[in-house]
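Okay, so here's the structure we're looking at.
The values are calculated or read from the model by the stated rules, or taken from the named source; none is laboratory data. Predicted model only: the values in this text are computed from it and were never measured. For neighbour counting, all protein chains shown are included, and Cβ atoms are generated from backbone atoms with ideal geometry for every residue, glycine included. Side chains included, ligands, DNA and RNA excluded: accessible areas come from the protein's heavy atoms. Shrake-Rupley method; radii C 1.70, N 1.55, O 1.52, S 1.80 Å.
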Amino acid sequence: MTARRVVVSGIGVVSSVGADRTTFERSLRDGLPGIRRVTLFDTTGYRSAVAGEVADFRPGDRLPAAALRETSRTDALGLVAAAEALEDAALGDADRADLAVVVGGTTGGMPDAELDLAALHRDRSTEVPLSRIRSHPLSSTADRVAEAFGIQGPRATVCTACSSGANAVGMAARLIRTGRVRAALAGGADALCRLTFAGFSALAALDPEACRPFDRSRRGLSLGEGAAMLLVEDLEHAIGRGARPYAELRGFANTAEAHHITNPLESGAGAARALGLALADAGIAPHDVDYVNAHGTATELNDPMEALALAEVFGPGSSTLPCSSTKGQVGHTLGAAGAVEAAATLLAMRGGFVPPTVGLSDPDPACPLGHVMGRAKDLPVRFALSNSFGFGGNDTVLVFGPPDADPPPSATPRRRSVVVTARGAIPDLANAIASGDAPPGGSGTRVTEDLRALLHPARGRRMDRLSRMATVAAKRALDASGIAQGDRSTVGLVLGTAWGSFDRSAAFMDRLLTRGPRFAEPAEFPNLLASAPAGHASIYHGLTGPNLSVAALDASGDLAVAVAALEIEAGAADLLLAGAAEETSELVEVLLSRAGLGGNGAQGRGEGAAIAVLEEEGRAVARGARVEARIGGIGIAGGLPDADLAPVAAAAVRQACPDGCDVAALVHSGAADSVTAAALACLGKGGGAGSGCCGKAKLVSVEGHTGRHEARGAVVFSVATNVVARERRPVLTLGVAPGTAIACLLLPA
Amino acid sequence: MTDETASLRQEIKELIVRELDLADVDPSEIEDDAPLFGGGLGLDSLDALQLAMAIEERFGVAIPDGDGGRVAFASVRALADYVTAHPKE
């Protein structure tokens with residue numbers, strides 16, 4: 001197989017120190033401060049009145065009105081950055097249409113919707129503008145970007161709190177390395193909102209003034225907003241079209257600390273592990289690194305932890321390792337941070353300078369690093385790291401190098417075989433559905449078991465209901481897997497969730513507005529991030545492998561399984577739990593039905609969590625695991641959000657089964673007949689419905705049993721595995737959402 | 001110990017169990033002088049923040065960050081004493 005190297009050939013940035021790349025770079029060189037009084041909302045009563053706000057943001061000056069229709073501020077930030085990255089990369093139209101889009105975020109449409117949510121919590125009949133419903137889900141930004149620029153490749157949204165943007169870039173690189181696409185638009189977007197401001201204020205994590213990363217007198221972080229998009233591309237493809245890459249993304253790593261939902265592991269051991277893995281993936285030694293763009297939030301705990309981690313990896317040399325935190329200028333841009341800071345790193349590499357840490361004047365002796373202060377320092381930067389250490393202990397490191405360096409080990413493609421060895425769910429419906437039991441009818445299943453009783457009271461106490469559902473499903477999967485408690489540490493988790501803890505977010509906002517910022521609940525806030533269930537599950541079960549939360553509306557579960565399979569295939573993990581969790585939500589049902597997004601028929605939404613154990617085949621066999629099914633192929637296809645899904649489904653199925661396949665069944669999440677017919681039509685050898693084999697395939701829809709909740713794709717996968725194990729014949733899965741189709745071919749062991 | 005003091009301590013114990021979701025703890029079993037943090041209850045810094053918020057909400061008494069707060073949070077007795085010493089304005 002030919003080597004696949006990943007480069008960055010376009011950058012777009014919107015930040016508080018520049019709403020475009022050129023201005024951003026000048027600000028980095030000049031050390032321009034960007035943390036100022038917040039004007040977007042009243043900050044009375046919060047612990048800080050400043051943030052890295054994008055002042056005077058005029059997306060209408062940069063984009064056509066049609067592109068901004070029904071968008072949130074977060075979407076608009078992402079769109080402007082995407083436009084700039086595309087222009088910078090100068091991709092042709094055909095290449096543009098095939099791009100993957102991977103976006104990281106945490107707040108999504110919350111800035112625009114949060115007041116409505118508070119009102120809705122008080123009174124269900126509150127009018128909420130349709131645009132805010134459409135733009136609320138985290139997946140909205142990726143969909144808006146695809147729509148605005150005619151992009152029809154695979155699409156994904158990632159939430160891993162503060163490392164979302166970095167993981168989005170990593171996921172795009174993974175898609176390129178595994179040959180799914182030649183290029184991708186990847187990054188993050190996040191706008192300031194009262195909810196996160198109140199949350200971090202309640203956690204006493206905000207500096208009342210502009211933050212001072214690594215400074216002896218630092219008092220906490222400053223929030224920020226912004227977006228960055230990178231055009232990430234296969235090196236050969238870039239060279240072939242005459243592009244001039246900024247740098248190569250040589251390596252990356254994503255790990256979980258499994259320690260605490262907000263506090264980092266103080267010893268730095270978790271972060272050090274991510275650093276070590278990333279360097280190994282990149283095939284470089286610590287002494288090769290010229291610059292580290294730190295996570296550097298300026299909190300009491302992060303900065304010394306990061307310094308310890310760097311000392312562990314770099315040895316005594318860490319005290320002179322050139323280092324800076326971009327957060328001193330732009331604040332903590334949450335879901336955008338990993339991407340904004342990657343952009344800063346790349347601009348530093350091209351420009352031959354190390355940006356300063358603005359706000360730093362008296363380095364804390366506990367943070368002995370090669371701090372740059374004041375203005376940028378001219379320095380050739382060949383190899384650089386960008387760190388992002390998120391809430392819940394999600395540690396992600398990106399490693400960049402010059403495109404003319406020797407290929408990294410990560411460039412050598414691996415195509416390992418992935419098998420399914422166990423499953424767990426709550427409620428557990430797979431057997432009933434696979435056996436062909438009649439659907440129960442009514443409003444979709446509810447979780448009626450006592451979740452608290454199923455988990456250890458002390459270890460599970462911080463979780464809200466959604467996190468408990470995910471953790472119980474994971475527990476069942478782990479117990480069924482036969483993996484001993486002591487052997488679970490390297491296990492990772494990829495979890496899909498579309499709406500997260502929606503009702504509790506509304507309640508949080510209502511309380512904020514009626515009682516004031518002083519009484520916002522610190523213990524509640526971390527649970528409101530979409531990354532919380534995966535974070536809690538990893539802490540509860542001690543899982544320190546790769547940890548990702550993904551969102552794709554109704555295809556969230558399907559996406560999680562597909563992403564996990566690709567991770568194992570590519571050698572980034574040996575064993576991953578993969579699935580989804582979605583909670584019943586009165587408010588979501590109210591909004592969806594008003595938006596006419598209530599789905600076909602009277603089927604209620606329901607709720608549930610389902611998780612499968614995906615494993616590298618050799619390892620599974622070696623430990624004597626029972627292999628239920630083997631993944632024969634994965635397809636992730638995109639289309640314009642309002643387009644007919646039938647051709648998108650067909651494209652996904654063709655990716656999963658390029659040579660056609662005689663399947664026993666097509667298990668799906670409730671797709672329309674035209675869509676399932678299009679999927680089946682692709683399975684006959686030579687294509688076309690006349691080939692005969694697909695006419696015998698059973699069609700199994702899970703929706704009648706599960707309800708329409710967005711985690712049902714994980715139940716699809718579980719049912720399909722069940723059918724394969726019973727009938728010892730191939731089965732195809734299909735999940736669809738606006739503009740997305742994901743297919744998986746499962747084969748008998 | 002007056003009835004008032006006893007009932008304040010009991011109320012604080014109930015508040016701790018409720019606010020911190022200590023589902024398996026009987027409030028009356030929390031000893032007045034047992035260390036709240038670094039002790040058997042397994043409370044951490046996030047709990048301290050939640051508790052401080054809840055105490056202020058219920059009693060109108062703000063617990064300071066840092067060392068001042070640490071003194072108040074030493075035990076249920078310390079917390080009750082702090083609340084009594086700083087009546088709501």
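Details
- Segment A:Val590-A:Lys696, extension gain: residue separation times 0.36 nm, minus the distance between their alpha carbons: 34.2 nm
- At an R0 of 30 angstrom, the distance between the Cβ atoms of B:Glu14 and A:Thr448 translates into a FRET efficiency of 0.55.
- Per residue of chain A, the DSSP helices (runs of n ≥ 4 H) give a summed -39500 (n - 2.57) that works out to -10000 deg cm²/dmol at 222 nm.
- Relative contact order of the range A:561-642, pairs being alpha-carbon contacts under 8 Å that are 6 or more residues apart, as %: 38 percent
- Each of A:Ala432 and A:Arg244 was given a label point 7 Å from its Cα along the Cα-to-Cβ line. The distance between the two points is 6.3 nm.
- Among A:492-503, A:425-436, the peptide with the highest mean count of other Cβ atoms within 10 Å heads the list, and the full ranking is A:492-503, A:425-436.
- Remark: the Cα gyration tensor places the range A:296-391 in the rounded category, a/c being less than 1.5.
- Peptide A:456-463 - average C-beta neighbours from other chains (10 Å radius): 4
- Rounded to 5, percent antiparallel among DSSP beta bridges of the protein assembly as shown: 65 percent
- The long axis of helix A:164-177 is offset from the longest Cα principal axis of chain A by roughly 60 degrees.
- Sorted on the mean count of surrounding Cβ atoms within 10 Å across their residues, most packed first, peptides A:346-356, A:726-736, A:183-193 read A:183-193, A:726-736, A:346-356.
- Calculated FRET efficiency for the pair A:His287/A:Asp378, C-beta based, R₀ 25 Å, to 0.05: 0.75
- Length added when fully stretched, A:Ala269-A:Asp362, from 0.36 nm per residue minus Cα-Cα: 30.9 nm
- Against chain A, whose longest principal axis comes from its Cα atoms, helix A:645-656 is set at around 90 degrees.
- Those residues of the range A:417-456 whose amide nitrogen sits under 18 Å from the label point placed on A:Asp659, 7 Å along Cα→Cβ: A:417-418
- Mean partner shielding of peptide B:45-51, defined as the number of other chain Cβ atoms within 10 Å of each residue Cβ, is 6.
- Distant alpha-carbon pairs in the protein assembly as shown (separation over 52 angstrom), percent: 10 percent
- Relative contact order [Cα under 8 Å, 6+ residues apart], chain A, whole percent: 16 percent
- Accessible area per residue, Å², chain A with all protein chains present, probe 1.4 Å: 31 Å²
- The range A:93-205 shape via C-alpha gyration tensor axes, a/c threshold 1.5: oblate
- Subtracting the Cα-Cα distance of A:Phe519 and A:His456 from 0.36 nm times their residue separation leaves 19.8 nm of extension gain.
- Per residue of peptide A:667-679, the mean number of Cβ atoms on other chains within 10 Å of the residue Cβ is 0.
- For peptides A:170-179, A:281-290, sequence by mean Cβ density within 10 Å, most packed first: A:170-179, A:281-290
- Here r is the Cβ-Cβ distance between B:Asp3 and B:Val71 and R0 is 25 Å; the resulting FRET efficiency, rounded to 0.05, is 0.45.
- Angle in degrees between helix A:140-149 and the longest Cα principal axis of chain A, rounded to the nearest 10: 90 degrees
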